[in-house]
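Contents: one structure, followed by commentary.
The values are calculated or read from the model by the stated rules, or taken from the named source; none is laboratory data. Since the structure is predicted, the reported quantities are computational estimates derived from the model, not experimental observations. Virtual Cβ from ideal backbone geometry, glycine too; neighbours counted across all protein chains shown.
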Amino acid sequence: MHAHTIQHVPFEGLGSIDPWLKDAGYRITHTRMYSAETLPEPFDFDLLVVMGGPMSVTDEVELPWLVAEKTFIRKAIEAGIAVLGICLGAQLIAASMGARVFPNPHKEIGWLPVQGVSFKDPSHFQFPHHMEVFHWHGETFDLPENAVRLAKSEGCENQAFQLGDSVIGLQFHLETTPSSAQEIVLHCGDECVVDRYVQTKEEILAAGTAAYEKINQEMGRVLSFLCRRG
């Protein structure tokens, strides 16, 4: 089995996704957009993971590779490949499928709750009713056509969505580890201007081991769901 990842900045890597994929027997390859690496063709992978980043999906003038990446993501979805998008990655999935991406009324930065949307259909991933997760985003999206909302929060209506049976987009970060939290605070900490849904750097980094273990376990559930056909 083969997983391919797209990374947009050096400090937003796979986190807990990396050991999960390795334990599941996946070979992992990467395209690092910040190093001007070329997206692979043909699609010889079973899972595509699109990571986060501080840029916007609309920054196509400054970052022209965004155009090619959105086309690549759409082709992967149309080819029936399982796709997971995290934060910017979820926004890129939405944009690639024709949905609008725009500034959210509130930034969400830090450990904040999301609420899972209840489903009776087992083909839809089910998040817990309430869960504290790691956030770092200022934009949001409309749901792509035929997508279903999986989670919401007080500050952001569309926190997660599923498209078909093998595409999931998450605004929040379930892959975050203590070291990756340190990295994003180091590189993006100037955004931590306290607001309704923005915590201080100290509050963010004060989270205990149990908080990371809980979200990493949930990341494993998402990956198991997406990879169930493998």
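Below, the figures for the structure above:
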read-out	value
Qualifying residue in the range 214-227 (condition: touching a strand residue (DSSP E or B) at 6+ places or on another chain (Cβ under 9 Å), closer than 26 Å to Lys22 by Cβ, in a strand (DSSP E or B) and not hydrophobic (A, V, I, L, M, F, W, C))	no
Scope the range 107-124; condition at pLDDT 95 or above and not β-branched (Val, Ile, Thr); matching residues	Lys107, Glu108, Gly110, Trp111, Leu112, Pro113, Gln115, Gly116
Search result, residues across the range 179-203 that are among the hydrophobic types (A, V, I, L, M, F, W, C) and either within 20 Å of Leu88 (Cα to Cα) or assigned to a strand (DSSP E or B) (or both)	Ala181, Ile184, Val185, Leu186, Cys188, Cys192, Val198
Condition check for Pro103: touching an Asp or Glu at 6+ places or on another chain (Cβ under 7 Å) and at pLDDT 95 or above	yes
Residue match in the range 69-81 (condition: farther than 25 Å from Thr176 by Cα, of a type in the set (Phe, Trp, Tyr) and at pLDDT 95 or above)	yes
Test: Phe43 is at pLDDT 95 or above, among the aromatic types (Phe, Trp, Tyr) and either over 24 Å from Thr176 (Cα atoms) or out of contact with any helix residue (DSSP H, G or I) (no Cβ under 9 Å at 6 or more places or on another chain) (or both)	no
Single match in Leu92, Leu112, Leu84 (criterion: free of Cβ contacts under 8 Å to residues at least 60 places away in the same chain, within 26 Å of Met131 (Cβ to Cβ) and buried (at least 18 other Cβ atoms within 10 Å of the Cβ))	Leu92
Pairs where the first residue, in the range 191-202, is of a type in the set (A, V, I, L, M) and the second is crowded, with 16+ Cβ neighbours inside 10 Å, C-beta under 6 Å, 6+ apart	Val198/Lys107; Val198/Ile109
Residue check for Glu145: closer than 19 Å to Phe102 by Cα, out of contact with any strand residue (DSSP E or B) (no Cβ under 8 Å at 6 or more places or on another chain) and surrounded by fewer than 18 Cβ atoms within 10 Å (Cβ to Cβ)	yes
Considering residues of the range 166-202 that are in contact with a Leu (Cβ under 7 Å, 6 or more places away or on another chain) and not polar (S, T, N, Q) only, the residue surrounded by the fewest Cβ atoms within 10 Å (Cβ to Cβ)	Tyr197
Candidates Gly53, Gly98 - the one that is under 20 Å from Glu183 (Cβ atoms) and of a type outside the set (Val, Ile, Thr)	Gly53
Candidate set from the range 20-45 (those that are part of a helix (DSSP H, G or I) and either of a type in the set (A, V, I, L, M, F, W, C) or within 17 Å of Phe225 (Cα to Cα) (or both)); member that is farthest from the chain's Cα centre (by Cα)	Asp23
Verdict on Leu174 being within 17 Å of Ile17 (Cα to Cα), touching an Asp or Glu at 6+ places or on another chain (Cβ under 6 Å) and modelled with pLDDT of 95 or more	yes
Selected residue (only one of Leu163, Leu150 is among the aliphatic types (A, V, I, L, M), crowded, with 18+ Cβ neighbours inside 10 Å and more than 21 Å from Gly15 (Cβ to Cβ))	Leu163
